[in-house]
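Asker: Please see the structure below; I have some questions.
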Amino acid sequence: MSRRDVKKNMIAWLCVWVFLISLTGCGKQDTKADHMLRVGVVTYTPDDPFINAMTDIIKSNLKAKESNTMKVIVSVRSGDNDQQEQDEIVEEMIDAGCDVLCVNLVDRTAPSNIVRMARQNDIPVIFFNREPVQEDLLQWDKLFYVGCDAAQSGEMQGEIAAEYIKNHPEVDKNGDGKIQYVLLEGEAGHQDAISRTDLSVKTMIENEIELEKLSYQFADWNRAQAENRVSQLIDQYGSEIELILSNNDEMALGAVEAYKNAGYRQAERPIIFGIDGLTDALEAVEHGTMQGTVYNDKEDQARMIALLTVALFQGSDIEGYGLEDDIYYMSQYRKVDADNVDTFLGK
């Protein structure tokens, strides 16, 4: 091969290497002597406002940890609701040289490929928001989970709904002593959806609120789908619906839109409760179109993800990080209603 051909091949390989950096934010290196931390963040969908907001905070927190001796590159990709696609993205990031992976699983029961690839390449994985089953997390000592206890959010939603009903007897519009309700579920078989659904209703019953179920509707955590489902329920039940419990704020806000579009005045609408503490939902609570939500502390979770990422990269001791069983960091939910919503809005 001529010197000219060698030079052309070197340039071609250089172009491929630069392309991989631009594609993934993770460039392959033989050692960490350059103090470059490359983080791959992979979400389950690009369309979840809570996950998007949390990812932005993770990026900001990681960039804030840059110093004269360590630069941080963060690449964010989405599995687009397809576990196989998410697995392939993770493989690309590993091949390109990521040091730590932060993964919001599409399917919490199917992390095996990701765990296998990460373990083979000695790359720690911090799963977040969607908790893998314990058996999967116990496969290797460099697997972690950062999130919240979904059962706690269901209990808190049930508590704030029960308290509101006790303080506002007018919620029982037909005066039959029962609250006719609709429940908007995230998705079939999802751990958080099941916990939030079961515990919200159970907690209300334990707080002596008599309930009558009109409908359960799956809306895939999505505002537009929830709006469509609730619009159909309005056509079916009209003003019979007195309460809507939603597994998340996006679906609760979809319910708000459905009643707005149907021309119902606020006094004619059911009371509506969500979970997550999205800004739109907090503003809805402030304005009285929603009656409450449960704050999912994305700031605290993003802070811990950033701390863990840097510590794992640097080989630092993580004993003082408050991990349960050296694996789990569980952030605490907080109740939000009209009395304290200003605090969450920073007012």
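The values are calculated or read from the model by the stated rules, or taken from the named source; none is laboratory data. Source: prediction; values computed, not measured. Cβ sites come from the backbone with ideal geometry, for glycine too, and all protein chains shown count toward neighbours. Ligands, DNA and RNA are excluded from the accessible area calculation, which covers all protein heavy atoms including side chains. Shrake-Rupley method; radii C 1.70, N 1.55, O 1.52, S 1.80 Å.
Asker: Looking only at region 124-136, count how many residues are surrounded by fewer than 20 Cβ atoms within 10 Å (Cβ to Cβ) and in contact with an Asp or Glu (Cβ under 8 Å, 6 or more places away or on another chain).
Answerer: Within region 124-136, residues that are surrounded by fewer than 20 Cβ atoms within 10 Å (Cβ to Cβ) and in contact with an Asp or Glu (Cβ under 8 Å, 6 or more places away or on another chain) number 0.
Asker: Would you be able to say whether some residue in region 244-257 is open to solvent by 20 Å² or more (accessible area, probe 1.4 Å), touching a strand residue (DSSP E or B) at 6+ places or on another chain (Cβ under 9 Å) and more than 15 Å from residue 50 (Cβ to Cβ)?
Answerer: Checking region 244-257: not a single residue is open to solvent by 20 Å² or more (accessible area, probe 1.4 Å), touching a strand residue (DSSP E or B) at 6+ places or on another chain (Cβ under 9 Å) and more than 15 Å from residue 50 (Cβ to Cβ).
Asker: What is the one condition in (1) open to solvent by 10 Å² or more (accessible area, probe 1.4 Å); (2) under 30 Å from residue 140 (Cα atoms) that residue 263 does not satisfy?
Answerer: Of everything listed in (1) open to solvent by 10 Å² or more (accessible area, probe 1.4 Å); (2) under 30 Å from residue 140 (Cα atoms), residue 263 misses just condition (2).
Asker: Of everything in region 217-243 that's part of a helix (DSSP H, G or I) and in contact (Cβ under 8 Å) with a residue 60 or more places away in the chain, which residue is most open to solvent (accessible area, probe 1.4 Å)?
Answerer: Among residues in region 217-243 that are part of a helix (DSSP H, G or I) and in contact (Cβ under 8 Å) with a residue 60 or more places away in the chain, the one most open to solvent (accessible area, probe 1.4 Å) is 240.
Asker: Give all pairs with beta carbons closer than 7 Å in which a residue from region 41-58 that is surrounded by fewer than 17 Cβ atoms within 10 Å (Cβ to Cβ) meets a residue that is in a loop (DSSP other than H, G, I, E, B); count only pairs at least 6 apart in sequence or on separate chains.
Answerer: What qualifies is 46/80.
Asker: Right, next: Can you tell me how many residues within region 59-89 are under 22 Å from residue 278 (Cβ atoms), open to solvent by less than 40 Å² (accessible area, probe 1.4 Å) and touching a Leu at 6+ places or on another chain (Cβ under 9 Å)?
Answerer: The total comes to 1.
Asker: Quick one: which residue in 133, 171, 146 is under 23 Å from the mean Cα position of the chain (by Cα) and at pLDDT 95 or above?
Answerer: 146
Asker: If you take the residues in region 90-118 that are open to solvent by 10 Å² or more (accessible area, probe 1.4 Å) and aliphatic (A, V, I, L, M), which one is nearest to residue 36 (Cα to Cα)?
Answerer: 117
Asker: Okay, next question. Please list, ordered by residue number, the helices (runs of 4 or more DSSP H) wholly in region 44-135 having 3 or more residues that are under 23 Å from residue 194 (Cα atoms) and out of contact with any Lys or Arg (no Cβ under 6 Å at 6 or more places or on another chain).
Answerer: 49-63
Asker: Only residues that are open to solvent by 10 Å² or more (accessible area, probe 1.4 Å), β-branched (Val, Ile, Thr) and in contact (Cβ under 8 Å) with a residue 12 or more places away in the chain: list them for region 290-345, please.
Answerer: Of everything in region 290-345, those that are open to solvent by 10 Å² or more (accessible area, probe 1.4 Å), β-branched (Val, Ile, Thr) and in contact (Cβ under 8 Å) with a residue 12 or more places away in the chain turn out to be 310, 327.
Asker: Is it the case that some residue within region 151-172 is in a loop (DSSP other than H, G, I, E, B) and either under 26 Å from residue 319 (Cα atoms) or of a type in the set (Lys, Arg) (or both)?
Answerer: no
Asker: Would you check which residues across region 199-216 are within 15 Å of residue 165 (Cβ to Cβ) and either charged (D, E, K, R) or assigned to a helix (DSSP H, G or I) (or both) and list them?
Answerer: 200, 201, 203, 204, 205, 206, 208, 210, 212
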